[in-house]
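Each remark here refers to the structure printed beneath this line.
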Amino acid sequence: MDRRDKVNYYLDLAEVVAKRGTCLRRHYGAVIVKNDEVVSTGYVGAPRGRQNCSDLGKCIRQELKIPRGERYELCRSVHAEANAIISAARRDMLGASMYLTGIEAGTGDYVANSCSCSMCKRLIINAGISTVYIRDTADEYRAIPVESWIVNDESLTGERGY
């Protein structure tokens, strides 16, 4: 029996978490892990008490044809990374890893070239998370050292994060 490697195991968990997402465009799941223990999970959805896009049957960003990576202030959802971070204590995130899986709502495909947006990158940096693993295919992923987001500060260059 072939045993699933640990990174893909946690990315599989993030994929299951993503299924709770309520966004009409993309379902993301995030899992924070420290010392081989799941600290918290998060998925995309409206703030507690507010209606989700899936409940309303519409997405304002989609209606306005806003491209990926732009105008997140118009989105009614909290991102998976942010939801995972606000559900954990900072002491449990220091040196932890985050596992992120994104699925296109319309096709079920993995989100191509997925990455955290610039706002979530800031939260991840401040949370003290050391590495973000992002799923590209069912078995392939990228490991991104959070330090690289500090050194390569897109807010100084105007690059889009998504």
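The values are calculated or read from the model by the stated rules, or taken from the named source; none is laboratory data. Nothing here was measured: the structure is a model prediction, and the numbers come from that model. Using ideal geometry, Cβ is built from the backbone for each residue, glycine included, and neighbour counts are taken over all protein chains shown. In case anyone asks, the SASA skips ligands and DNA or RNA and just uses the protein heavy atoms, side chains included. Shrake-Rupley method; radii C 1.70, N 1.55, O 1.52, S 1.80 Å.
What FRET efficiency, computed as 1/(1 + (r/R0)^6) with R0 = 30 Å and r the Cβ-Cβ distance, is obtained for THR107 and ARG3, rounded to the nearest 0.05? Computed FRET efficiency for THR107 and ARG3: 0.50. Rolling a 1.4 Å probe across the protein heavy atoms gives the stretch 1-57 an accessible surface of 62 Å² per residue. With contacts taken as Cα pairs under 8 Å and at least 6 residues apart, the stretch 34-85 reaches a relative contact order of 58 percent.
The slack in the chain from LEU56 to LEU74, taken as 0.36 nm per residue of separation less the alpha-carbon distance, amounts to 5.0 nm.
What number results when the radius of gyration of the chain, computed over Cα atoms, is divided by 2.2 N^0.38 Å?
1.00
Note on SER130 and GLU154: the extension gain reaches 6.8 nm, defined as 0.36 nm multiplied by sequence separation minus the Cα-Cα distance. The convex hull defined by the C-alpha atoms of the stretch 80-123 has an orientation-averaged projected area of 3.7 nm². Taking a point 7 Å from the Cα of ILE86 along the Cα-to-Cβ direction, the residues of the stretch 46-61 with backbone N closer than 14 Å to it are 46-52. The mean sequence distance of close C-alpha pairs (under 8 Å, at least 6 residues apart), as a share of the length of the stretch 68-162, puts its relative contact order at 31 percent. At the listed q of 0.13 Å⁻¹, the Debye profile of the stretch 14-85, built from one uniform point per Cα, gives log10 I(q)/I(0) equal to -0.38.
Calculated from DSSP H runs of 4 or more alone, at -39500 (n - 2.57) each and per residue, what is the 222 nm mean residue ellipticity of the chain, nearest 500? Could you put the intermediate results ahead of the total?
Values: 8 runs with 52 residues, N = 162.
Calculated mean residue ellipticity at 222 nm is -7500 deg cm²/dmol.
Think of a 1.4 Å ball rolled over the protein heavy atoms: the stretch 68-144 then has 46 Å² of accessible area per residue.
Ordering 65-72, 40-47, 112-119 by mean Cβ neighbour count within 10 Å, with the highest value first, yields 40-47, 112-119, 65-72.
Expressed as a whole percent, the accessible surface of the chain that belongs to carbon and sulfur atoms is 48, based on a 1.4 Å probe.
Structural descriptor for the stretch 12-118: relative contact order 36 percent, calculated from alpha carbon pairs under 8 angstrom and at least 6 residues apart.
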